[in-house]
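Asks: Before I ask anything, let me first share the structure, which is written out below as structure tokens.
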Amino acid sequence: MDEDKIVRLLKDVKREALAIYSNFRVGAVLVSEDDRLISGFNIESSSYGLTICAERVALFKALTEGARRFKKIYIMADGTEPCPPCGACRQVLMDFAPDIEVVMLSEDGKRKAFPLRDLLPHAFNNENLRF
Ligand code: THU
């Protein structure tokens, strides 16, 4: 997978983010098992708590487009440091894409990458729903 292509896509996607309240734009690109690239950006609501992060937008788009297995998610936010996914996104990603690598890139080229499982140890999952 050509990471330069993903960086270009992240920058383009992030630019379109609907983040008029926080002015903090985030782009995400999910890579499916068959190398489809599904993008998302954060979408903010006037009722702030209804905002949805870029990562979940990308994941829900991917699921509605039929993708079910994933390899990686790339994240790029405004600012000079790689941006980690929030706890809510970690949980939802764990539900649908537990084996992915999370790659956080800054616009100026910094890079951090971790398996999702390392970012959410002892995660709640559907096994816990058996009672
Ligand atoms: N945000 C994301 O899109 N992804 C993250 O991982 C962290 C936060 C968004 C939500 C909100 O629109 C803005 O960033 C500020 O929290």
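Asks: Leaving out ligands, DNA and RNA, what percent of the accessible area of the chain is carbon and sulfur, probe 1.4 Å?
Replies: Exposed carbon and sulfur together represent 53 percent of the surface.
Asks: Using 1/(1 + (r/R0)^6) with R0 = 25 angstrom and r between the beta carbons of residue 119 and residue 15, what's the FRET efficiency to the nearest 0.05?
Replies: That gives a FRET efficiency of 0.45.
Asks: Sort 74, 48 by accessible area with a 1.4 Å probe, largest first. Could the numbers behind the result be given before it?
Replies: Values: 74 5, 48 155 Å².
The most accessible residue leads, giving 48, 74.
Asks: Could you please report the charge total around residue 38, scoring K, R as +1 and D, E as -1 over all other residues with beta-carbon less than 10 angstrom from its beta-carbon?
Replies: Around residue 38, the surrounding residues sum to +1.
Asks: Calculate, in nm to one decimal, what residue 128 and residue 110 gain on full extension: separation in residues at 0.36 nm each, minus their alpha carbon distance.
Replies: Here the answer is 2.8 nm.
Asks: Another one. Which semi-axes, in whole Å and largest first, does the equivalent ellipsoid of segment 3-128 have when worked out from the alpha carbon gyration tensor as the square roots of 5 times its eigenvalues?
Replies: Each semi-axis is the square root of five times an eigenvalue, giving 21, 17, 15 Å.
Asks: Among 82, 13, 46, whose Cα sits farthest toward the positive end of the charge dipole of segment 1-100 (+1 at Cβ of Lys/Arg, -1 at Cβ of Asp/Glu, about the Cα centre)?
Replies: 46
Asks: Then there's this: Determine the sum of side-chain charges near residue 86: Lys and Arg each +1, Asp and Glu each -1, restricted to other residues whose C-beta is under 12 angstrom from that of residue 86.
Replies: Once positives and negatives cancel, what remains is +1.
Asks: A follow-up question, please. Using label points projected 7 Å from each Cα along Cα→Cβ, tell me how many nm separate residue 48 and residue 1, to one decimal.
Replies: It works out to 3.3 nm between the two label points.
Asks: Ok, one more. Treating only the Cβ atoms of Lys and Arg (+1) and Asp and Glu (-1) as charged, compute the dipole magnitude of segment 3-128 about its Cα centre; round to the nearest 20 debye.
Replies: Dipole of segment 3-128, to the nearest 20 debye: 100 debye.
Asks: Within the chain, what percent of beta bridges assigned by DSSP are antiparallel, to the nearest 5?
Replies: Numbers: 18 of 24 bridges.
For the chain, the DSSP antiparallel bridge percentage is about 75.
Asks: If R₀ is 25 angstrom, what is the calculated FRET efficiency for the pair residue 101 and residue 22, using the beta carbon separation as r and rounding to 0.05? Don't skip to the answer; put the middle values down first.
Replies: Numbers: r = 27 Å, r/R0 = 1.07.
It comes to 0.40.
The values are calculated or read from the model by the stated rules, or taken from the named source; none is laboratory data. Keep in mind the model is a prediction, meaning the values are calculated, not measured. Because the Cβ atoms are built from the backbone with ideal geometry, glycine has one as well, and the counts that use them run over all protein chains shown. The area values use the complete protein model at the heavy-atom level, side chains included, leaving out ligands, DNA and RNA. Shrake-Rupley method; radii C 1.70, N 1.55, O 1.52, S 1.80 Å.
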